[in-house]
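Below is one structure, written out as structure tokens; the observations come after it.
Bear in mind these aren't lab numbers, they're just calculated from the coordinates by the rules spelled out. Just so you know, these numbers come straight off a predicted model, no measurement behind them. Backbone-built Cβ (ideal geometry, glycine too); neighbour counts: all protein chains shown.
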Amino acid sequence: MDPFPVKSLLFLLFSVGCCAAQRVLPPGPVDAVLGKDVTFQTLVNKPDYAFIVWNFNNGKEQINVATASATGVKVHTLYTDRVSMNRTTGSMTLKAVKTEDSGLYGISIISPDGTTQTAEIQLRVLKPVSDVVIKANLPEAIEHNSTVVLTCSAKGSFLKFTWTNNTVPIVADGSRLTLKEDAESSTLTITGVFRTDLVGPIVCTASNNVEKDKSAPFSLTVYYGPDTVTVSPPNTPEFIRSDSNFSLSCSALSSPPATYTWYHNQQVIETAGAVLSMKVLKAQGLGKQLEQYTCRAQNAKTQRIVPSPAVTFAVMEVISGVTVTGPTVPLIAGNSTANVSCQATAGTVKSRKWMKDGKPLTASPPHLVFSADSSSLMIVPLQKEDRGEYTCHLENPVSTDKASYKMVVNFGPEAATVTGEKAVEVNKDVTLTCTASSFPPANFTWKFNDTLTGVKAAQYVIHEATDTNTGTYTCEAYNAVTGKTSTYTHKLAVKAPGTLDKGLSDGAIAGIVIAILVAIAAAIAVIFYCRQKVPIESPY
């Protein structure tokens, strides 16, 4: 039986429809890429049929594409070599689909008893997804100022677009980021663009139900900054050593990198770069006073200029070459005056402190007075107590230094004294010692009964004294610097053995003293007792 004479009957069946349609074909539509094969799958397996008929409705006419029967498959001449059918399931494969293949495809399964099942499904022939390209409305952008419009265009059918930034989906927020899609393009608009919006890579993906394609990675330079300008070191000391390698460094996040200009009290400093060095400060005579320094960062693209916080400091020279000078002539206590001066060859001196022999030295007018700036001290007149080491400490905020001067004060000799026996027995040794406070130490000479002896030491020694050694011994102490002399006369008696009155011992003397004190105490007690016993007569 030729299936094509039943065409009219089949068309009528399709127009009436069938309640079992959804059990024959899956939901549609079916999408196929232009030039590729598509299979219309059925939901039936080994149906009992007399005929299975596939028709195509292009909106103008219906065409019987293929009919399967017990004897085989009959294909319309328009689809020769392009259509095949699976006689077991009734599915149909259409090869190398063309644009004109788009339309409504119907299936009729006619059982031997004449019962018919029909269904329809839409075929959409899609153009391949290709030529996905991102273009921007600007070659470069300025953060916060620019509105960037990215357009992703592609070729294909029923396209959908997605955007990613470094694989992270870009989601429109409806205000700053908006997306608009057309049939073959998608537009991403970024208002007040941020530096992170387009770091990328930005990728646009165009897709439909059967395939997809991606754009080449896209990125757009967003210029920004300068951000907050910082100066390091952050805690700049108020005073800087002039011999240090001190420098200030200015930095700020910026794209492109910022250029930096340094200012001193709002006046431009002639230097290039982010670093302000000690060399530049010295070369331009800066830093002599506490003054402000700032750095300004400028971005050539954004045209923004941002200043740093002001840094206040002064450059101070280190104190060096400290000397303490004083009198160079011999000084004599009671006669001389001393002027001691402390100076430095370099550095600004902020304070001076004087020490004497390691202890703070204070003024004691009129004997010791300091100059107004404490750079010198005057002692009038010098006393022997003024001798010692005078140390001057010089300080400024960045350094300290010191120097010393040793004050030598000549004095004496003061009152001489002689110690030794005043009376000895013959044949006894005698040692007389003469002392006198003096600087330099005194020279000693001795006289015996006003006659100069050859002894020139502090001690005069007599071995095995005889009666001829009885007499007066005079010690003379002499200071060659002060020219002063001090004398002391000592009397010595040499007596025959056994005639020397040794006097009471110390114990006997102590006993006598105690006895006297006890007697006095007893007498006082008796007097007090008697007074208590005397009656007082009444005057009446």
In degrees, nearest ten, helix 7-16 long axis to first principal axis of the chain (Cα): 50
Please report the relative contact order for the stretch 412-525, taking Cα pairs under 8 Å with a sequence separation of at least 6, and give it as a percent rounded to a whole number. 29
Under 16 Å from LYS180, Cα to Cα: lysines that are on another chain or at least 8 residues apart: LYS135, LYS160
Residues meeting the amide H criterion for GLU425 (H placed from the backbone, H to H distance under 5 Å, 5 or more places apart or on another chain) are LYS495
Inter-label distance for SER374 and THR162, nm, one decimal - labels placed 7 Å from Cα along Cα-to-Cβ: 8.0
Ranked highest first by the average count of other Cβ atoms within 10 Å around their residues, in what order do 462-470, 131-139 fall? 131-139, 462-470
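Quick one: net charge around TYR473, please, counting Lys, Arg +1 and Asp, Glu -1 for every other residue with C-beta under 13 Å from its C-beta.
0
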Working note, the stretch 209-306: Cα radius of gyration (Å, one decimal) and Dmax (Å, whole number) are 20.2, 79
Over the chain, the sum of -39500 (n - 2.57) across DSSP H runs of at least four, divided by residue number and rounded to 500 deg cm²/dmol, gives at 222 nm -2500 deg cm²/dmol
For the stretch 242-380, state what percent of all Cα-Cα pairs lands in each successive 5 Å bin, counting from 0 Å until the bin that includes the largest distance. 2, 8, 14, 14, 11, 8, 7, 7, 7, 7, 6, 4, 3, 2, 1, 1, 0
Lysines within cross-link reach of LYS402: Cα-Cα under 29 Å, excluding same-chain residues under 8 positions apart? LYS279, LYS282, LYS288, LYS350, LYS353, LYS356, LYS359, LYS384
Treating only the Cα positions of the stretch 362-483 as identical point scatterers, give the base-10 log of I(q)/I(0) from the Debye formula at each q in 0.11 Å⁻¹. -0.59
Treating the angle as unsigned and between 0 and 90°, give the value, to the nearest 10°, between the Cα long axis of helix 506-533 and the longest Cα principal axis of the chain. 90
Point-to-point label distance, GLN122-GLU385, nm (Cα→Cβ direction, 7 Å offset): 12.1
Which value, in nm² and rounded to one decimal, describes the direction-averaged projected area of the C-alpha convex hull of the stretch 126-191? 5.0
Straight-distance crosslink candidates among aspartates and glutamates, where the alpha carbon sits under 16 Å from LYS406 and sequence neighbours closer than 8 are dropped: ASP357, GLU385, ASP386, GLU389
Long-range lysine pairs (8 or more apart or interchain), the stretch 412-525, Cα under 29 Å: 20
Alpha-carbon centroids, the stretch 110-137 and the stretch 253-269: separation in whole Å: 66
If R0 is 25 Å, what FRET efficiency do you get for LYS282 and THR312 from their C-beta distance, rounded to 0.05? 0.85
Shape parameters for the stretch 89-218, alpha-carbon atoms, Rg then Dmax in Å: 21.7, 78
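Report the gain in length on full extension from VAL133 to THR466: 0.36 nm times residue separation, minus Cα-Cα distance, nm rounded to one decimal.
Full extension of this stretch gives 106.0 nm more.
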How big is the chain along each principal axis, measuring the range of its Cα positions in Å and listing the largest first? 189, 77, 75
